[in-house]
Amino acid sequence: MKTKTAAAKQPSDAGRSVALGSFFDSTPFRALICFVAPVTIFGLLLASEGKSVFETYKTIYFSIFGSVYGIGEVVIRATYLILTSIAAILPARVGLANAGGEGQMAMGAVGTAVVGSTIFSRLVTPVGIPMMLLAGMFFGALWAGIGIYCYMRLGMNETLTTILMNYISTFIIAMLLFGVLRDPKGWNYPQTVQIAKQLRFNMYFGTRMNVGIFIAIAMAFFVWFVINKTKAGFVIRTIGGNQNAARFAGINVKKVQALVFLAAGAVAGLAGAIMIVGVEGRMRTGAGETMGFMGFLAAGMVKNSPVLAILSAFLIGALNVAGNSMEIKTGLPAASIQILIMLVLLTIMTVGGKKKS
Amino acid sequence: MRDLTTVLACMISAGTPILYALIGDLIGERAGIISLSVEGSMLCGACIGFGTAVATHNMLFAVLSGALAGGLIGFCQAFLTIDRKSNMMASGFVLMFFAMGLTAFYGRSLLNISIGGANSAGLGKIAIPVLSKIPVLGTALFTQDILTYISYLLPLIVYFFIYKTKYGLILCSVGERPEVTLAYGYNPRLIQYGAVIMAGVLAGIGGVQMSVIYTMGWANNMVNGRGFIATALVILCSWKPQRAYLAAYLFGLAQALQIFLQVHSVPVSMYITLMLPYLLTLVALGFISSSKKPTMPEKLKIVI
């Protein structure tokens with residue numbers, strides 16, 4: 001009986017549900033949900049703690065768009081995030097997961113800070129700055145190299161290995177900054193000696209903005225170009241598509257994977273180098289914290305597209321900046337903004353299209 | 001001799017939260033889902049459990065609330081990975097940061113509160129009559145809190161569940177061949193949900209143990225990667241619950257050593273000792289991965 005009525009109802013119902021379904025499935029509607037749902041839920045959380053929802057969102061808005069300085073801060077965060085997201089995207093394209101952008105960036109930064117105040121300190125700007133960036137890439141790749149060695153030779157899971165290496169890098173850097181690398185004239189702060197003046201980027205518009213962002217964006221387009229338009233990219237895409245097929249086609253899968261992973265580490269290290277050459281001028285504890293992790297998530301948000309990662313990096317960067325001013329203005333811990341960022345990601349994961357496996 | 005007792009006691013206390021998360025994640029991985037979100041579950045459990053303990057002074061409520069909080073994070077992980085087919089690692093990461101934000105947000109008022117001297121509420125250490133009189137081992141192993149005693153039994157219980165009961169076999173079949181589970185008349189999706197939520201619940205309890213009993217306080221991001229370590233240690237155990245003791249207490253020993261070296265002011269950088277647990281986990285992972293191929297659940301081979 002039941003099935004009969006259902007069958008009888010079907011023609012008229014089906015038409016409506018298809019129309020509704022296509023509306024609910026449409027990209028604009030999903031995008032709307034990805035905005036409305038997190039903002040609403042975060043608003044409810046704020047209200048539950050007796051904070052003014054409107055005031056908090058106003059703070060968030062004005063900290064991002066309210067001043068040139070705010071925009072500059074967003075741009076700086078986006079610079080790191082674009083590069084660390086590429087560090088996650090590249091390995092993902094050959095079937096690996098690099099969750100170690102955090103450590104690779106930090107190692108790149110500390111390495112750059114050391115060479116910038118020692119062996120490179122006499123170099124003139126046009127030679128010195130490229131050398132500094134290359135140094136950062138070298139140290140980032142070195143740290144990634146340990147991870148990929150563990151994966152290739154010891155068969156360790158690369159995600160867990162790189163995650164654990166993030167924590168290890170934090171402690172190594174803390175040890176160095178509290179120990180041998182501590183600036184003797186730095187009032188006992190855990191920071192390195194300042195790098196030479198001529199090795200710094202200029203800052204513009206009274207903000208801390210520098211050319212780093214152009215390097216990052218150029219890198220994103222370069223990676224897109226390499227993956228989609230070159231012979232090497234074809235190899236990468238083949239491995240990403242089907243490793244066995246790639247193997248049968250005579251591609252040395254492991255070698256390509258290792259090289260791509262090293263390149264990813266180099267890109268994360270570049271983020272660290274830009275941080276030192278640009279904003280910081282020296283390495284200190286906590287500099288660039290969570291940027292590597294967030295970059296990993298920015299990559300996941302856009303399904304590993306290097307060009308779209310620019311957008312997700314700006315979004316996450318902006319919210320990160322908002323978190324800091326939220327702490328100052330409303331007394332909420334800066335980490336609270338992570339709730340909003342993660343709600344956005346969770347909503348995208350929930351309403352986004354199912355991933356092909 | 002006193003040193004040995006102290007180190008052993010520290011080893012047990014530091015290893016217990018890991019043991020909970022490890023066993024939880026092991027159950028989840030047996031069903032074919034890696035819960036990197038146990039990190040988030042532990043954080044939520046630690047925060048909510050501590051908050052409840054402060055408010056009610058009741059261990060049972062603290063454990064239940066911590067388990068619930070951890071379970072909710074586990075539910076999110078289950079939903080995202082099973083129904084939405086998200087990347088297990090990515091969703092675990094997102095949930096960890098989500099938990100980090102939530103606990104920083106709601107845990108503000110819990111900072112700088114200590115919960116010492118609340119022995120009457122079942123929070124304190126209980127000496128087991130005869131066993132605690134054993135020299136060295138007695139004080140270390142059998143003068144512990146109730147959650148630690150439960151954790152002694154946990155791997156055994158899970159061992160019997162997995163190897164000796166029908167339901168354990170069904171659980172493992174989901175991780176090996178879900179078609180078989182389905183043919184056998186059980187819903188693999190439901191079982192995966194159960195297993196991943198269980199992972200969250202146990203990790204949440206581990207978090208409660210950590211904040212309420214081990215550190216007796218709440219600090220932002222106090223779990224600091226222990227959930228990830230637990231996930232790595234599951235591989236070290238080769239998915240066998242009976243090996244969880246070894247893996248968890250190996251981590252505990254690394255932590256205990258850190259305190260031991262500090263107390264005796266051994267001239268080793270504090271940061272090396274802090275790094276030790278992570279490094280040890282990494283090295284152990286290297287050994288197990290490079291030796292014979294472990295008995296990995298079929299479904300995980302795609303991920304790992």
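All of the numbers you see were taken from the coordinates with simple rules; none came from a lab. Predicted model, so just to flag it, every value in this text is computed and none were measured. Using ideal geometry, Cβ is built from the backbone for each residue, glycine included, and neighbour counts are taken over all protein chains shown.
Observations on the structure shown:
- Over chain B: helical MRE at 222 nm, DSSP H runs n ≥ 4 each giving -39500 (n - 2.57), nearest 500: -22000 deg cm²/dmol
- Between residue A:49 and residue B:161, the simple spin-label model (points 7 angstrom out along Cα→Cβ) gives 3.4 nm.
- Net charge in the neighbourhood of residue A:323 (other residues with Cβ under 13 Å of its Cβ; Lys, Arg +1, Asp, Glu -1) is -1.
- Considering only A:74, B:53, B:193, and ranking their Cα positions along the charge dipole of the protein assembly as shown that arises from unit charges at the beta-carbon of Lys, Arg, Asp and Glu, the one farthest toward the positive end is B:193.
- Most fluctuating residue given options B:29, B:176, B:39, as computed from a GNM of chain B linking Cα atoms under 10 Å: B:176
- Between the listed residues A:264, B:140, B:36, the Cα displaced farthest toward the positive end of the dipole of the protein assembly as shown, a dipole computed from Cβ unit charges relative to the Cα centre, is found at A:264.
- Spin-label pair residue B:128/residue A:61, simplified geometry with 7 Å Cα→Cβ offset, distance in nm: 6.2 nm
- Per residue of peptide A:165-172, the mean number of Cβ atoms on other chains within 10 Å of the residue Cβ is 6.
- Shown is the FRET efficiency for residue B:113 and residue A:328, computed with R0 = 22 Å from the Cβ-Cβ distance and rounded to the nearest 0.05: 0.35.
- Farthest toward positive dipole pole in segment A:210-357 [+1 Lys/Arg, -1 Asp/Glu at C-beta], among A:236, A:326, A:309: A:236
- Taking trypsin sites (Lys or Arg not before Pro) across segment A:272-352, none is in a DSSP loop with at most 12 further Cβ atoms lying within 10 angstrom of its Cβ.
- Here is what passes the span test in chain A: the DSSP H helices with alpha carbon length of 27 Å or more along the helix axis and a Kyte-Doolittle mean of -0.5 or above are A:2-25, A:27-48, A:68-92, A:125-154, A:158-178, A:253-275, A:308-330.
- Considering only alpha-carbon pairs that sit under 8 angstrom and 6 or more positions apart, the relative contact order computed for chain B is 37 percent.
- Over chain A, Cα pairs under 8 Å with separation of 6+ residues give a relative contact order of 33 percent.
- Label zone of residue A:149 (point 7 Å out along Cα→Cβ, amide N under 20 Å): in segment A:85-121 this covers A:97-112.
- Shape call, chain A: gyration tensor on alpha carbons, a/c limit 1.5: oblate
- Within 10 Å of each Cβ in A:290-302, the average number of Cβ atoms from other chains: 2
- With the convex hull constructed from alpha-carbon coordinates only, the protein assembly as shown shows a mean projected area of 34.6 nm² over all directions.
- Computed E for residue A:254/residue B:60 - FRET, C-beta separation, R0 45 angstrom, nearest 0.05: 0.25
- Lysine-lysine proximity count for segment A:52-331, Cα under 21 Å, sequence distance 8 or more or distinct chains: 6
- Lys, Arg +1 and Asp, Glu -1 on Cβ, resulting dipole of segment A:190-310 about Cα centre, debye, nearest 20: 300 debye
- Lys, Arg +1 and Asp, Glu -1 on Cβ, resulting dipole of segment A:52-331 about Cα centre, debye, nearest 20: 640 debye
- Along chain A, longest interval not containing exposed chymotrypsin sites (Phe, Trp or Tyr not before Pro), exposed being DSSP loop plus at most 12 other Cβ atoms within 10 Å: A:1-186
- Membrane-span-like helices in chain B, defined here as complete DSSP H runs extending at least 20 Å along the helix axis by their C-alpha atoms with mean Kyte-Doolittle hydropathy no lower than 0.0, are B:2-30, B:38-56, B:59-78, B:88-106, B:146-164, B:188-208, B:244-263, B:270-290; this is a sequence and geometry rule, not a statement about a membrane.
- Cα-centre dipole for the protein assembly as shown with unit charges at Cβ (Lys and Arg positive, Asp and Glu negative), debye to 20: 1440 debye
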